[in-house]
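Take a look at the structure below.
Just so it is clear, none of the values below were taken in a lab; they were calculated from the coordinates. Given the structure is predicted, the values throughout are model-derived calculations rather than measurements. Here the Cβ is made from the backbone with ideal geometry for all residues, glycine too, and neighbour counts use every protein chain on show.
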Amino acid sequence: MVLSTTPSKLYFPTHGDDGYRVEHYDLSLDYRVASNRLGGIARLSAVALGPLDRLVLDLGAFRVGGVLVNGEAARFTHRGGKLHLAPGRLGAGPFSVEVRYSGNPRPVSSHWGGLGWEQLTDGVIVASQPIGAPSWFPCNDRPDDKASYRISVTTASPYTVIANGELVSTRRAASATTWVYEQAEPMASYLASVQIGRYQQADLGAGTRLVFPAGLAARVRYDFGRQDRMMEVFSERFGPYPFGSYTAVVVDDELEIPVEAQGMSIFGVNHVDGRRGEERLVAHELAHQWFGNSLTIAGWRDIWLHEGFAAYAEWIWSEASGDMPAGDLAARWHRRLAALPQDFVLADPGARLLFDDRVYKRGALTLHALRRTMGDAPFFALLREWTAGHRHGSVTTEQFTDLASRRTTEPLERLFADWLYGSRLPALS
């Protein structure tokens with residue numbers, strides 16, 4: 001994997017270090033729910049891209065008890081969310097870091113409120129997009145540095161722990177249980193997640209499951225009852241599901257929006273009404289497993305490659321399930337967007353507009369315009385080639401537009417120029 005030194009730092013220049021990449025994170029965490037106390041040992045296996053005399057990790061307001069680099073104690077300073085290490089001179093190639101830390105985790109401040117590790121009424125949610133990962137572990141916090149993970153969490157036995165990847169063991173000792181998960185496929189730091197709560201679980205088959213509070217069982221089972229069919233539709237349109245399993249978690253608190261994580265989505269109690277009133281969100285978050293988690297943007301300016309694709313997946317599911325066709329939804333949203341300010345560029349909206357609804361819906365409209373130009377069969381063949389060719393990798397807008405242009409005889413230059421790089425909303429032909 002080759003790291004880009006520019007795109008990932010464009011919007012958040014204080015996050016991440018382009019001098020190295022991490023290949024594996026081994027996180028051993030001990031968490032006390034009542035006191036919100038976290039103790040951690042993070043072991044990173046990394047590769048220096050050239051000689052290094054300093055290392056920088058992103059880490060929130062914890063007390064750092066000690067740092068080892070290649071097994072030797074290293075000098076460090078910790079301030080402003082950055083852990084600066086002075087290991088002596090490292091040559092290009094593999095090295096290891098171990099960080100021992102503890103404290104009361106708190107979310108990272110951002111334009112969108114607190115991000116990362118956050119207390120629920122009775123448990124924890126981790127929602128890190130885009131810069132919240134340092135709220136709970138030391139990392140190279142850039143979306144194009146993807147690594148495998150082992151996440152071990154010890155907490156009081158009444159609680160269930162859900163983390164990325166596959167559950168490989170549980171071990172109970174006295175009043176606490178240790179849960180160990182392994183995420184083999186490469187994952188960006190902001191997609192790493194831990195959910196802790198008093199949950200029940202239901203296996204839906206084919207590697208999918210639901211996790212939810214007992215009192216919501218009936219509503220959850222109904223509202224997510226078509227998720228298996230969704231998986232079939234998206235696998236046909238986008239290519240095979242890219243991970244070993246998928247978990248939908250419903251927490252017993254209200255959330256402003258659902259949260260994506262790799263192999264997992266998290267919903268609030270307000271997203272479950274027993275009438276499938278928010279089923280489009282179930283489709284949206286599932287689609288992120290292809291667009292966002294397997295294919296992850298190299299830099300945040302290309303966020304439409306995540307959110308525009310997931311928003312269009314809502315429309316794909318709508319027509320596949322016998323509801324409103326994608327063309328009707330496109331016309332409806334085009335009218336709405338035409339009445340809003342047209343003061344941003346979809347392929348580079350700026351950090352403050354990353355999660356503006358116009359990014360989502362204009363992204364979906366861009367894909368619908370491309371579908372109408374190419375035709376259904378070539379368009380969906382393009383999506384399957386896109387996901388297969390960059391599976392578990394990093395992607396850019398230019399890579400997508402180049403691939404699309406090679407897969408059709410239709411001229412696409414004007415379409416992409418207008419929809420992606422112009423501020424005025426194009427007509428929906």
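One Cα centroid belongs to region 209-257, the other to region 300-365; the line between them spans 22 Å. With contacts taken as Cα pairs under 8 Å and at least 6 residues apart, the chain reaches a relative contact order of 13 percent. When you count the other C-beta atoms within 10 angstrom of each residue and take the mean per peptide, 133-144, 244-255 line up highest first as 133-144, 244-255.
The computed mean projected area of the Cα convex hull in nm² for the structure shown corresponds, within (1) 21.8; (2) 24.7; (3) 20.1, to (3).
If you take the square roots of the eigenvalues of the alpha-carbon gyration tensor of region 200-289 and sort them as a ≥ b ≥ c, do you get rounded (a/c under 1.5), prolate (a/b over b/c) or oblate? Note, shape of region 200-289 comes out prolate.
Taken as entire DSSP H runs, the helices of the chain that both span 20 Å or more between Cα atoms along their own long axis and average -1.0 or more on the Kyte-Doolittle scale are 304-320, 357-374. Averaging the sequence gap over all C-alpha pairs within less than 8 Å and six or more residues apart, then dividing by the number of residues, gives region 1-198 a relative contact order of 23 percent.
Model label sites at Glu72 and Ser96, defined 7 Å from Cα along the beta-carbon direction, differ in position by 1.5 nm. Apply the a/c threshold of 1.5 to the C-alpha gyration tensor of region 280-405 and tell me whether it is rounded, prolate or oblate. Verdict is rounded for region 280-405. Quote the relative contact order of region 200-289 in percent (integer), defining contacts as alpha-carbon pairs under 8 Å separated by 6+ residues. Averaging sequence separation for qualifying contacts and normalising by length gives 30 percent for region 200-289.
Helical runs (DSSP H, four residues minimum) scored at -39500 (n - 2.57) apiece and divided by the length of the chain put the mean residue ellipticity at 222 nm at -8000 deg cm²/dmol. For region 1-115, rounded, prolate or oblate, judged on the Cα gyration tensor with a ≥ b ≥ c (square roots of eigenvalues), a/c < 1.5 rounded, else prolate if a/b > b/c? It comes out oblate by the Cα gyration axes.
Using Cβ point charges alone (K and R +1, D and E -1), the dipole size of the chain about the Cα centre works out to roughly 580 debye.
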